[in-house]
Amino acid sequence: MKSQIFNIFLAILVCGSIVFAAHSIPPLTQPTAPSVAKHVNSRAANFNAVDFCASALSGVDCGCFSQKAAEILSTENDRVMGFAYANPIDLAISQGQESCSGT
């Protein structure tokens, strides 16, 4: 009988601890979630897609590439600390090259 009471008390204590821990952690979708600085956007603003396309890419429509790169670089997403994200310039180059290649 004592062991059953102890097991019930232990189960209530563990469940209560889990509920307390879950309520004390802020959700990732909350606007005040910790986010990293937006220093990446300043580098992306200095990226000239037309010049890069003309000098480094062959067989790619530079107008299409510029439009695709601008679309990708202008998108601002909240970033959560502790996660790795793709470099937006590298992402714009790879997606623009893939989407706008003539072949």
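The values are calculated or read from the model by the stated rules, or taken from the named source; none is laboratory data. Quick caveat, the model's predicted, so the values are computed rather than measured. Cβ: placed from backbone, ideal geometry, glycine included. Neighbour counts: every protein chain shown. All accessible areas refer to the heavy atoms of the entire protein, side chains included, with ligands and DNA or RNA removed. Shrake-Rupley method; radii C 1.70, N 1.55, O 1.52, S 1.80 Å.
When 80, 14 are compared by accessible area at a 1.4 angstrom probe, the order from most to least is 14, 80. Label-to-label distance for residue 14 and residue 80 is 2.6 nm, based on points extended 7 Å past Cα in the beta-carbon direction.
Derived scalar couplings between HN and Hα for region 9-18 equal 4, 5, 5, 5, 5, 5, 4, x, 5, 5 Hz in order, rounded to whole Hz, by the Karplus curve 6.51 cos²θ - 1.76 cosθ + 1.60 (θ = phi - 60°), x for Gly and Pro. In this calculation the C-beta distance from residue 51 to residue 94 is compared with R0 = 25 Å, giving a FRET efficiency of 0.90. Taking amide H as placed 1.01 Å from N in the peptide plane, residue 60 has its amide H under 5 Å from the amide H of 102, each at least 5 places away in sequence or on another chain.
Taking amide H atoms as placed 1.01 Å from N in the peptide plane, the amide H of residue 79 lies under 5 Å from those of 36, each 5 or more residues away in sequence or on another chain.
Ligands, DNA and RNA left out, the 1.4 Å accessible surface of region 40-100 is 49% carbon and sulfur atoms.
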